[in-house]
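Quick note: the coordinates plus some simple rules give every number you see, no bench work behind them. Just so you know, these numbers come straight off a predicted model, no measurement behind them. Ideal geometry is used to build each Cβ from the backbone, glycine not excepted, and the neighbour counts take in all protein chains shown.
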Amino acid sequence: MTFELVLVGFGHVAQRFVTLLEQQRSSLAETYGIETIIVGVATRRHGRTASPRGVDTDALMEKNASATVVPGTPPSPASTKKFVAEIAARTTAAAEGRLVVVETTTLDVTCGQPAIDHALGALECGAHVVTANKGPVAFAYDTLAAAASRAGRRFLFEGAVMDGIPIFNLVRETLPAVQVVGFRGVVNSTTNYILTAMEEGQGFEEALSDMRAAGIAEADASLDVDGWDAAAKTAALANVLLDARLTPHTVERRGISADSGRDAAEARSRGRRLKLVARASRENGRVTARVSPEALAEDDLLAGLEGQQNALVLHTDLLGELAIVQLGGGLTQTAYALLSDLITIARGDSGRARPGRP
């Protein structure tokens, strides 16, 4: 099967996805029967371009690196939807279930736009959607899941939480007849690194600068340290796994600051570790969620996470607690999540999800 891909957003994650496709080209063809051609690219800063014979992504990456504007009209959210619809209209790929929109624009924590509109527009014109953006899942999961069902297409988002670690796939594919009733985890690498560094005497700003230099911290670092990134991930997890109706704004939230260094050192002196913990649970039919610093016992799995490590503990009705730990993350892992979602589509999974499942 030859998938025609439209990339909405062409930053670091999308570019790594493009190179990963090339690196895995032979394996994808031999193992999964997948061929890919990128027929369109739309970005906020550099315009949009399309070609049924394939966009020259190497040239686009060179233009991005040199800050040269990609030829074309700088798109608004509405024009991006139109751009995708025009591509869908002039190819048989949409009708045949081979058109995939890969949405990697940055998170807008206020409302999840324009990513939600990008995804909805793509589904409405017959394209599958895969995204690494937390916004659509955190703000509009029900709407987009329903649109995907109506269209007979997939809306997948494995890269939205913990990079390429298979949280959503784990539940959807390997836990039949199991209900997730809650979860807790450390899901933001920047804050975990900062807390770990401050335990060892490093300053807050110095530790944050390390994360900026590594390209891990969000462009607006307040999304990390104020807990917004973790709140968006918590809402996304709760909406999918607990059938909640949350947004980042309905998640109780408290982040970290320079003062947290004192708290981290004090907790360590008592044999505990300070971590920014995301948690949610369902009780009496109501889902509650929060993100806040917690002083955890040293033998707690989450307490042992160092530096940029993350982990999520799922509370289930039949299997008790299940944990998955991420020892390292980055662009390759996030790009892999997009690739994983593409393979899920190629496998022809029905997409008939149980309630509370992606």
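Using only alpha carbon pairs under 8 Å that are at least six residues apart, calculate the relative contact order of the chain and give it in whole percent.
Working: 728 pairs, mean separation 66.3, N = 358.
Relative contact order of the chain: 19 percent.
With each run of n ≥ 4 DSSP H residues scored as -39500 (n - 2.57), what mean residue ellipticity at 222 nm is computed for the chain after dividing by its residue count and rounding to the nearest 500 deg cm²/dmol? Could the numbers behind the result be given before it?
On the way: 12 runs with 135 residues, N = 358.
The helix-only estimate for the chain comes to -11500 deg cm²/dmol at 222 nm.
Work through the residues other than residue 255 whose Cβ is under 14 Å from its Cβ and net out their charges, Lys, Arg +1 and Asp, Glu -1.
Numbers: positive: 233, 253, 254, 275, 290; negative: 218, 220, 224, 226, 229, 252, 259, 263, 294.
The answer is -4.
How big is the dipole moment of the stretch 40-181 about its Cα centre under a simple scheme where the beta carbon of each Lys and Arg is +1, that of each Asp and Glu is -1, and everything else is neutral? Debye, nearest 20, please.
Values: 14 positive and 13 negative charges, 65 e Å.
Computed charge dipole of the stretch 40-181: roughly 320 debye.
State to the nearest 20 debye the size of the charge dipole of the stretch 258-358 about its Cα centre, where the only charges are +1 on K and R beta carbons and -1 on D and E beta carbons. Working shown, then result.
Values: 14 positive and 13 negative charges, 69 e Å.
Dipole size: approximately 340 debye.
Determine the distance separating the Cα centre of the stretch 262-319 from the Cα centre of the stretch 82-100; give it in Å without decimals.
44
Using only the alpha carbon atoms of the stretch 205-269, find the Kirkwood hydrodynamic radius as the inverse mean reciprocal pair distance, in angstroms to one decimal. Could the numbers behind the result be given before it?
Working: mean 1/r = 0.0750 Å⁻¹.
After inverting the pairwise mean of 1/r, the radius is 13.3 Å.
Just to confirm the number: angle between the C-alpha axis of helix 204-213 and the first principal axis of the chain, 0 to 90 degrees, nearest 10?
That works out to roughly 20 degrees.
How far is helix 260-269 tilted, in degrees, relative to the longest principal axis of the Cα atoms in the chain, given as a value from 0 to 90 rounded to the nearest 10?
Between helix and principal axis, roughly 50 degrees.
Please figure out what share of the DSSP beta bridges in the stretch 40-174 is antiparallel and state it in percent, rounded to the nearest 5.
40
For residue 10, what is the net charge nearby, where nearby means another residue's Cβ is under 10 Å from its Cβ and Lys, Arg count +1, Asp, Glu -1? Show your work: numbers first, answer last.
Values: positive: 44, 45, 48, 63; negative: none.
Surrounding charge for residue 10 is +4.
When only alpha-carbon atoms count, how far does the stretch 173-328 stretch along each of its three principal axes, as whole angstroms with the largest first?
If we take the Cα atoms of the stretch 173-328, the spans are 46, 32, 27 Å.
Using the alpha-carbon atoms, what tilt in degrees (0 to 90, nearest 10) does helix 77-89 show relative to the longest principal axis of the chain?
50
With +1 on the Cβ of every Lys and Arg and -1 on the Cβ of every Asp and Glu, and nothing else charged, how large is the dipole of the chain about its Cα centre, in debye rounded to the nearest 20?
Details: 36 positive and 42 negative charges, 221 e Å.
Magnitude of the dipole: close to 1060 debye.
For the chain, with a Gaussian network of springs between Cα atoms less than 10 Å apart, report the residue from 106, 57, 174 with the top mean-square fluctuation.
Answer for the Gaussian network model of the chain: 174.
By counting other Cβ atoms within 10 Å of each Cβ, how are 209, 189 ranked from fewest to most?
Numbers: 209 13, 189 25.
So the residues, fewest neighbours to most, are 209, 189.
To the nearest Å, what is the center-to-center distance of the stretch 107-140 and the stretch 157-184, using C-alpha atoms only?
For the stretch 107-140 versus the stretch 157-184, the Cα centre distance is 19 Å.
Among 24, 219, 256, which residue has its Cα positioned farthest towards the positive end of the charge dipole of the chain, with +1 placed on the Cβ of Lys and Arg, -1 on the Cβ of Asp and Glu, and the dipole taken about the Cα centre?
Farthest towards the positive end: 24.
When only Cα pairs under 8 Å and 6 or more residues apart are kept, what is the percent relative contact order across the stretch 173-328? Walk me through the numbers on the way to the answer.
On the way: 307 pairs, mean separation 51.1, N = 156.
Here the relative contact order equals 33 percent.
If you count the DSSP beta bridges with both ends in the chain, what percent of them are antiparallel, to the nearest 5?
Values: 32 of 52 bridges.
About 60 percent, rounded to the nearest 5.
Give me the net charge for the shell around residue 271: Cβ to Cβ below 15 angstrom, other residues only, Lys and Arg +1, Asp and Glu -1. Intermediate results must be reported in sequence, preceding the final value.
Numbers: positive: 268, 270, 272, 273, 275; negative: 199, 263, 266, 294, 298, 299, 300.
Combined, the nearby Lys, Arg, Asp and Glu give -2.
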